[in-house]
1. Angle check, please: helix 102-113 long axis (alpha carbons) against the longest principal axis of the chain (alpha carbons), in degrees 0 to 90, nearest 10.
2. Rounded to two decimals, what ratio of Rg to Rh does region 1-55 give with C-alpha atoms and a Kirkwood Rh?
3. Direction-averaged shadow area of the convex hull around the Cα atoms of region 50-166, nm²?
4. Of all GluC sites (Glu not before Pro) in region 247-312, which ones are in loop regions per DSSP and have a Cβ with at most 14 other Cβ atoms within 10 Å?
5. Once you place label points 7 Å from the Cα toward the Cβ at R13 and V286, how far apart are they in nm?
6. Please compute the contact order of the chain in relative form: average sequence separation of alpha-carbon pairs under 8 Å and at least six residues apart, divided by the residue count, as a percent.
7. Expressed as a whole number of Å, what is the distance separating the alpha-carbon centroids of region 233-312 and region 174-227?
8. Between K191 and Q308, what's the calculated FRET efficiency when r is the beta-carbon distance and R0 is 30 Å? Round to 0.05.
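Just so it is clear, none of the values below were taken in a lab; they were calculated from the coordinates. Predicted, not measured: the structure shown is a model, and the values here were computed from it. Please note: Cβ atoms are built from the backbone with ideal geometry, for glycine as well, and neighbour counts cover all protein chains shown.
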Amino acid sequence: MNVVAGIETFRPRGGPVNLGLGTFDGLHKGHRAILDVLQRTSPPGGETVVTTFDPHPLTVIAPPQGPFLLSTLEERIELFRGAGVDTLIVVRFDHTLRTRPARAWLEQVERYLRPARIVVSSTHAFGHNREGTVAMLESWASAQGIAVTVVPPVTDDGVTISSTAIRQRLREGDVRGAAMWLGRWYSIRGKVIPGAGRGRQIGVPTANLSVPPEKLLPAHGVYAAYATAGQDTHPAAVNIGIRPTFGGGAASVEAHLIDAKVDLYGDTLDVGLVERLRSEQRFSDVAGLVDQIGADIRAARRILQQRQPETV
């Protein structure tokens, strides 16, 4: 997959461009439906092209109070590559783009990308104050001789699958529900860094992850998970929280690899959360914590034995 910084640097391969517009945070099932249509409607020799914005538009329009990204740019690039997209255009979202009139944005798209077809969600909006609607896009595109395909939302039991809805499930600790809407386990990726060493001292060594500050962490608690480093995947019990038994502090992600002794310092670990085991709690003494960790590991092992890492 070709990754391009900015639409003005795009160079077509020579065939018709099928263009998907959006941010695609999380690349969930609703987004996948757009990519499916994009690829299905691409003619022989055509090029499937999608956009994403970095930073996320919300950080400029209405900055959230805390971390909220379902996928960092690095993760999104990998997801698009896995989805078979030909070219990904990373568009910088700043104040200039935020205040650009909708028609001016469309004129830029036509000038630099020359799409034969544009594929968007029925909820797509663009331009200053989101003044650009799907109806406006269709009218403008018709005058330019550009086909437009509008993809309806994907729903689950009457609920529209969206990045916002998935964030809410994660904030509630419902990683299983989030996975059903994502089509994969919600993953947290980070470099393994030295921690306080308490896990090793109590006989349960953990890999401490340095997580990008904008990445959304689910509700604090303990999770059964799959931890992947390179080509190796291990069952794991993961604690997300402030470690209240040891006085609290900033939220951290610590993964204990079950039945594995691996030196991961300096490696990148990708933790796919399968099920929440319990909420975070404070123990009156370390012995009580150790007993509970043992129960958590047994529960995680039992849950993970029932499913494969790639099966949601």
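1. Here the helix axis deviates by roughly 90 degrees.
2. 0.96
3. Details: hull surface 33.0 nm².
The Cα convex hull of region 50-166, projected and averaged over all directions, gives 8.3 nm².
4. Listed in order of number, the matching sites are E310.
5. Here the answer is 5.8 nm between the modelled labels.
6. Rounded, it is 17 percent for the chain.
7. Taking the Cα centre of region 233-312 as reference, the centre of region 174-227 is 7 Å away.
8. Result of the calculation: an efficiency of 0.70.
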